[in-house]
Structures are given as structure tokens and as C-alpha cells.
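What follows is calculated from the coordinates using simple rules that are stated; it is not laboratory data. Quick caveat, the model's predicted, so the values are computed rather than measured. Don't worry about glycine lacking a Cβ; one is built from the backbone with ideal geometry, like all the others, and counts go over all protein chains shown.
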Amino acid sequence: MAFTFNVEENKDKINDLCNFIDEKKDIPGALMPVLQKAQTIFGYLPEEILDLIAKRMKIFPAKVFGVATFYSQFSFIPKGKYKVAVCMGTACYVKGAQEILDEFCNRIGIEVGGTSEDLKFSVVQTRCIGECNLAPVLTVNEDVYAYVKKSEVRRILRKYK
Ligand code: FES
């Protein structure tokens, strides 16, 4: 699914990024910090921003895309307002984390790593978050849910609608 990036609504953020690029563009290896800054500002790397970076830094767009796609820290889709993170560490996995993860994805209508069209939810899987005694455990932004059952997924989602 393609998300639309609104240039007009993001004018101030684009200006911030342009100022940052102008400060850094002559420093060798500036592309990485510029991409990191762009992701911090926008929460992800829209195609329009990758094009802008290429133009302003006077480097080929293919190079910008190549570097951005090489590193997993960069995302090309926006994050949802609520980030559902299901722990898939061993303790959670053996207690049914996979079916909980699947239930979230099915109910929201996205795949793992995806964001809903209304930008409300993102779903990701995480490694052990150090709360194995609460398995299976998940978080929605700062909220932690312990001993989660598949049948509770609907109720959890309703809290954020
Ligand atoms: S395995 Fe899930 S919290 Fe440790």
C-alpha cells in the first residue's frame, strides 16, 4: 500500500532537514547522519525526501536509495499512532505469542512490520524484552500487557480505537 506524503503539511520539517543537510553536506560520510536525521524528523523515509536529499547533496538518487535500503534501521513506511510490539522471545513463543501476533495482524488487516492505512496501528515482533515471567507479553506504545490470550486481542485493540 502506498502512503501519501504531504509536502505542504511538512514544510517546516523539510526546512529543518534542508538546514541540517546544508550544515553537513560537505563532510565526508554525511549521507548516513542525513538519513538518520530525516528518519527522526519524519518517523520514516518518504520517497520524496530521499529525492530531496539526493538533489540537495548533489548525489545520485540510486546511491541514496541504495544506502537507505541497506540498513535495517531505516523504514520506508510511516509508523502507526499505536505500535503493537509482540515479544517473540522463547518464553513468549512457547506460550503462544505467534497466534497472538497473527490475531493482531488479522484484526488490523496488515502484515508484521506493516502500518494500517489510517495510520492508527503498526505491528512488529520483538526479541525478549526481559519480562519472561509475564509471558506471553506485548506492548502498545508504553502500555505493557502480560499473560495475553488470543481471545483478549480484540479488547486490547478496542482500547485504542
Ligand atoms: S521471551 Fe518474551 S519477555 Fe522474555
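Numerical summary
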{"quantity": "Computed FRET value (nearest 0.05) for Asn19 with Tyr160, which takes r as the C-beta separation and R₀ as 45 Å", "calculated": "0.80"}
{"quantity": "Neighbour-count order for Glu48, Glu142, fewest beta carbons within 10 angstrom listed first", "calculated": "Glu142, Glu48"}
{"quantity": "The chain, helix-only ellipticity at 222 nm - DSSP H runs n ≥ 4, -39,500 (n - 2.57), divided by all residues, nearest 500", "calculated": "-13000 deg cm²/dmol"}
{"quantity": "Cα-Cα over 18 Å, subset of Lys79/Lys161; Lys13/Lys37; Lys11/Lys161", "calculated": "Lys11/Lys161"}
{"quantity": "Additional length obtainable on full extension of the chain from Asp102 to Ser72, 0.36 nm per residue less Cα span", "calculated": "8.5 nm"}
{"quantity": "Charge dipole (the chain, unit charges on Cβ, about Cα centre) - positive-most of Gly96, Tyr44, Pro78", "calculated": "Gly96"}
{"quantity": "Two-site FRET efficiency, Phe60 against Lys11, from Cβ-Cβ distance with R₀ of 35 Å, rounded to 0.05", "calculated": "0.85"}
{"quantity": "Pairwise FRET efficiency - Glu48 versus Ile27, Cβ, R0 = 25 Å, nearest 0.05", "calculated": "0.55"}
{"quantity": "Calculated on alpha-carbon atoms, Rg and Dmax of the chain in Å", "calculated": "18.6, 55"}
{"quantity": "Counting DSSP beta bridges with both ends in the stretch 42-161, the antiparallel % (nearest 5)", "calculated": "55"}
{"quantity": "Taking Thr4, Thr69 and counting other C-beta atoms within 10 Å, the order from fewest to most", "calculated": "Thr4, Thr69"}
{"quantity": "Net length gained if the chain between Cys132 and Lys81 were fully extended (0.36 nm per residue, minus Cα distance)", "calculated": "15.7 nm"}
{"quantity": "Neighbour-count order for Lys37, Lys120, fewest beta carbons within 10 angstrom listed first", "calculated": "Lys120, Lys37"}
